[in-house]
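The values are calculated or read from the model by the stated rules, or taken from the named source; none is laboratory data. Here the structure is a predicted model, which is why all the values come from computation and not from measurement. So basically every Cβ, Gly included, is an ideal-geometry build from the backbone, and we count neighbours across all protein chains shown. Accessible surface is based on the protein model in full, side chains and every heavy atom, while ligands, DNA and RNA are left aside. Shrake-Rupley method; radii C 1.70, N 1.55, O 1.52, S 1.80 Å.
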Amino acid sequence: MIDGLQRAFGVTERVGFEQDQDGQCVCVMHAPGSTARVALRGAHVQSWKCADQPNDMFWMSSQRPVDPEKPRRGGIPICWPWFGANADDARLPAHGIARSSDFEVVATHADDARTTAVFRLKDRSKLPVMFEGCELVVEIELGRTLRVALVTTNSGFDTVHLTQALHTYFRISDIADVSIAGLDTSPYADALDGFSMKRQAGPVRFHSEVDRIYSVRGGLELMLQDGVWKRGVEIATEGSRSAVVWNPWIEKSKRLGDMGPDGYRQMVCIETANAGSDVVRVEPGNVHRLS
Ligand code: TA6
């Protein structure tokens, strides 16, 4: 499989394919100043390494997932075509089926500044009937920035109600030393308090488990500030009116079972989403982009 992909989609010095520690087929993308690794299963961005940064931009667990169907925790798992628990059927997996389904490479391209890879959901066997008309393409552009787009096409005959997220695990120096700017005064649903509505005051800081769905204006820009690494990571969104902020802290980390002893201290999830009340109606024949 690796050889076939290399022949069909490899780009000298810019796009290659290899196997990762879990035996997954991974697309390795190089652009001036950065490298990204994307597992074909789930179109799962596992790593984004910038030459001028000592650490990977994303956190990945050192442990294998408890549920072998799920990807190793970390990077950018794709939640699609629903976020969180499925509203119609509690037996369906949380966060949809994309992250546990195979994707195929559609195209790769490299120019002076950027390298692009496009993946399409190939294994549609886990899609519930209400979503069977939906196609998912994932566009990944690597350069001085990383841009990930979820492109949903409704090729069916019924309107689809879509929720989704780029469930990004950012790597940080320590959870006590980071804050998130850009959400001041935004309302949010607190998942730890029956999704009751509250309002953000000032930057988001972390002193215990946090699990919130913020309602935000379109075109939101957030900044993840790291006081130890003296670095700001800017997150710009399109096609989204909600943002999820999550840190499991100690007790939830134990329940998850694959965070390691202090994993929660080195990560924070800031998720570009259509979640909570931000439900996207995709009419037959229409396309929606979240990036
Ligand atoms: O995005 C936050 C969240 O919904 C949390 O409630 C927690 O469940 C997290 O996602 C991780 O979910 P996962 O299914 O990846 O373990």
When segment 183-223 is checked residue by residue, the ones that are in a loop (DSSP other than H, G, I, E, B), of a type in the set (D, E, K, R) and closer than 23 Å to Gly239 by Cα are Asp184, Arg217
All-but-one check, Pro77 against (1) touching a residue at least 40 places away in the same chain (Cβ under 8 Å); (2) more than 14 Å from the chain's Cα centre (by Cα), failing number (2)
Within segment 172-197, the residues that are loosely packed, with under 14 Cβ neighbours inside 10 Å, within 16 Å of the ligand (Cβ to nearest atom) and of a type in the set (D, E, K, R) are Asp193
Considering segment 67-97, residues that are more than 10 Å from the ligand (Cβ to nearest atom) and of a type in the set (Lys, Arg), and then whichever is surrounded by the most Cβ atoms within 10 Å (Cβ to Cβ), we arrive at Arg72
Within segment 216-241, restricting to residues that are touching a Ser or Thr at 6+ places or on another chain (Cβ under 6 Å) and modelled with pLDDT of 95 or more, the one that is most open to solvent (accessible area, probe 1.4 Å) is Glu238
Apart from one, (1) assigned to a strand (DSSP E or B); (2) open to solvent by 50 Å² or more (accessible area, probe 1.4 Å); (3) small (Gly, Ala, Ser) all hold for Ser47; the odd one out is (2)
Considering segment 243-291, residues that are of a type in the set (D, E, K, R) and over 22 Å from Ala191 (Cβ atoms), and then whichever is least open to solvent (accessible area, probe 1.4 Å), we arrive at Glu283
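Residues are listed down the side, and each one gets a yes or a no for (1) of a type outside the set (Gly, Ala, Ser); (2) assigned to a strand (DSSP E or B):
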residue: Arg7; (1), (2): yes, no
residue: Gly16; (1), (2): no, yes
residue: Gly23; (1), (2): no, no
residue: Val26; (1), (2): yes, yes
residue: Asp52; (1), (2): yes, no
residue: Pro71; (1), (2): yes, no
residue: Trp82; (1), (2): yes, no
residue: Thr116; (1), (2): yes, yes
Residue count, segment 119-139, condition outside any strand (DSSP E or B), of a type in the set (A, V, I, L, M) and open to solvent by less than 70 Å² (accessible area, probe 1.4 Å), comes to 1
So, first residue assigned to a helix (DSSP H, G or I) in segment 247-271, second residue surrounded by fewer than 16 Cβ atoms within 10 Å (Cβ to Cβ) and of a type outside the set (D, E, K, R), Cβ within less than 6 Å, six or more apart or across chains; the pairs are Trp249/Ser208
Expected output for segment 158-182 (first residue assigned to a strand (DSSP E or B), partner modelled with pLDDT under 95 and within 16 Å of the ligand (Cβ to nearest atom), Cβ below 9 Å, 6+ apart or cross-chain) is His161/Ala87
Per the filter on segment 239-288, residues away from the ligand (no atom under 12 Å from the Cβ) and within 14 Å of the chain's Cα centre (by Cα) are Ser240, Asn274
Evaluate segment 144-165: report whether one residue or more is at pLDDT 95 or above, more than 30 Å from Phe131 (Cβ to Cβ) and not polar (S, T, N, Q). no
